[in-house]
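Student: My questions will all concern the structure given below.
The values are calculated or read from the model by the stated rules, or taken from the named source; none is laboratory data. This is a predicted model, so every value here is computed, not measured. When we count neighbours, we look across all protein chains shown, and the Cβ atoms used for this are built from the backbone with ideal geometry, even at glycine.
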Amino acid sequence: MENVKSKNMWMVRAGPDAFLIDDFKRKKYVAIGWNELGDISNVKKKEDVKALVEKHKEKYEYIKISQVNTAAGQISKFLFNFEKGDYVLSYDPTNRVYLVSEIVSAYEFNTSLSEYHHIRRVKILGEVPRDKLSPSTRNTLGAISTLFEINESAASEIIYVLRGKAPSKEIVAEEDEESLKEDMVSRAKELIKDKILELDWENMEKLVAGILKSMGYKTLITERGPDRGKDIEASPDGLLLEEPRILVEVKHRKGQMGTKEIRNLLSVLRGRKGLFVSTGGFSKEAKYVSEGGPEQLTLIDTDRLVKMIIENYDNFDVDTKLLIPLSKIYWPL
């Protein structure tokens, strides 16, 4: 396996729910938040970064000194430790791939390029599917921090896979039980997602209707025809008279939903609640539109759909369970 010791590799997350990942790809940069700190290009020491974070801690609702220290540490790494030529990784959860880039610039404070103003420009090298990485590397990449350094072994494997080579075999028995459990949970969610994506459009609508039934709603799948902005109607009663009355749009395709599709559904709600289910996810602009109007509309992507399935599976009827057959696995405490 290739040794990348001469270069560091960093994880930089693309914001909550990876909302900036498309920007990272298109505009070729990575960025972190903490905009209120302003331009820190002239800051020379980690202690000065910490002082700035401390000054703005109420903005970030930091109560403990450990929170200030953690934030200061991540910002300092972005400012002081990142070097031109270093590798940087960002995760795209919708497509289940890691975007691999190379840093090509010094630190910049840029208020026009991104919603996050502390940036580094990059050259895109390619993407690495999560499923092609070993369990230990996936666990390494699962840390919740905004920014962290990736260890040499995981970094080498990522570059190895990026260049089209098969990863080396890992001995799972060497991993501790907690890491193995976390990996199994993560893999289970991805396998459930695979089953969802294998459904045709008709069974996809039946699955969504079945989830709503398990949550106590009566549902009606509308007849196929010209797209009227709804595929399922739901309410606590079978006559669709009791509140909340819900209209559901289901789009079972790879592409993200944009503002046009969101506005189409919003236009027919007229005081009713709305659910938009898209296995391809939603663009950043679509999310803004869904939140900005007077109508109540909830967006459901594949990750959230998996969570709903897990939470409500015990209440599924037989037909819905047949669409996504699952079994429980018991783990020792």
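Student: I'd like the residue in the range 131-176 that is under 24 Å from the mean Cα position of the chain (by Cα) and among the β-branched types (Val, Ile, Thr) and, out of all such residues, is modelled with the lowest pLDDT.
Tutor: Here the answer is Ile144.
Student: Considering every residue within the range 255-269, establish whether at least one is in contact with a strand residue (DSSP E or B) (Cβ under 8 Å, 6 or more places away or on another chain) and over 30 Å from Ala14 (Cβ atoms).
Tutor: yes
Student: Farther than 20 Å from Gly33 by Cα, of a type in the set (Ser, Thr, Tyr) and crowded, with 17+ Cβ neighbours inside 10 Å: which single residue out of Thr146, Thr94 fits that description?
Tutor: Answer to the check: Thr94.
Student: Tell me whether the range 268-279 contains one or more residues that are closer than 21 Å to Ile196 by Cβ and part of a helix (DSSP H, G or I).
Tutor: no
Student: Kindly evaluate Ile159 against the criterion of being touching a residue at least 24 places away in the same chain (Cβ under 8 Å) and touching a strand residue (DSSP E or B) at 6+ places or on another chain (Cβ under 6 Å).
Tutor: It is false that Ile159 is touching a residue at least 24 places away in the same chain (Cβ under 8 Å) and touching a strand residue (DSSP E or B) at 6+ places or on another chain (Cβ under 6 Å).
Student: For Val277, state whether it is farther than 20 Å from Ala14 by Cβ, modelled with pLDDT of 95 or more and either hydroxyl-bearing (Ser, Thr, Tyr) or in the same structural domain as Thr222 (by TED's automatic domain parsing) (or both).
Tutor: When the stated conditions are applied, Val277 passes them.
Student: Within the range 181-220, track down each residue that is outside any helix (DSSP H, G or I) and either under 13 Å from Asp319 (Cβ atoms) or in contact (Cβ under 8 Å) with a residue 40 or more places away in the chain (or both).
Tutor: Matches in the range 181-220: Leu199, Asp200, Met215, Thr219.
Student: Scan the range 299-323 for residues that are closer than 28 Å to Ala286 by Cβ, part of a helix (DSSP H, G or I) and within 23 Å of the chain's Cα centre (by Cα) and jot them down.
Tutor: Correct list: Thr302, Asp303, Arg304, Leu305, Val306, Lys307, Met308, Ile309, Ile310, Glu311, Asn312.
Student: Considering only residues that are part of a loop (DSSP other than H, G, I, E, B) and at pLDDT 95 or above, look in the range 84-95 and name the one that is nearest to Leu305 (Cα to Cα).
Tutor: Once the filter is applied, the top-ranked residue is Asp86.
Student: What single numbered condition from (1) out of contact with any strand residue (DSSP E or B) (no Cβ under 8 Å at 6 or more places or on another chain); (2) crowded, with 17+ Cβ neighbours inside 10 Å fails to hold for Leu305?
Tutor: Result: Leu305 passes all but (1).
Student: I've got another one for you. Determine, yes or no, whether Val97 is out of contact with any His (no Cβ under 8 Å at 6 or more places or on another chain), without any contact (Cβ under 8 Å) to a residue 60 or more places away in the chain, under 30 Å from Lys181 (Cβ atoms) and not aromatic (Phe, Trp, Tyr).
Tutor: Yes.
Student: Then there is this: Where residues in the range 43-62 are outside any helix (DSSP H, G or I) and over 19 Å from Ile144 (Cα atoms), which of them is nearest to the chain's Cα centre (by Cα)?
Tutor: Going through the qualifying residues, I end up with Lys59.
Student: Hey, another quick one. State the number of residues belonging to the range 24-42 that are more than 16 Å from Thr146 (Cβ to Cβ) and of a type outside the set (Lys, Arg).
Tutor: 4
Student: Looking at Gly293, Gly258, Gly280 in this structure, which one is small (Gly, Ala, Ser) and in contact with a Leu (Cβ under 6 Å, 6 or more places away or on another chain)?
Tutor: Gly293
Student: How many residues does the range 279-298 contain that are among the small types (Gly, Ala, Ser), more than 16 Å from the chain's Cα centre (by Cα) and surrounded by fewer than 20 Cβ atoms within 10 Å (Cβ to Cβ)?
Tutor: 2
Student: Between a first residue in the range 8-36 that is over 13 Å from Ser101 (Cα atoms) and a second residue that is surrounded by 22 or more Cβ atoms within 10 Å (Cβ to Cβ) and β-branched (Val, Ile, Thr), which pairs have beta carbons less than 7 Å apart while being 6 or more apart in sequence or on different chains?
Tutor: Every condition considered, the pairs that remain are Ile32/Val12; Ile32/Ile75; Trp34/Ile75.
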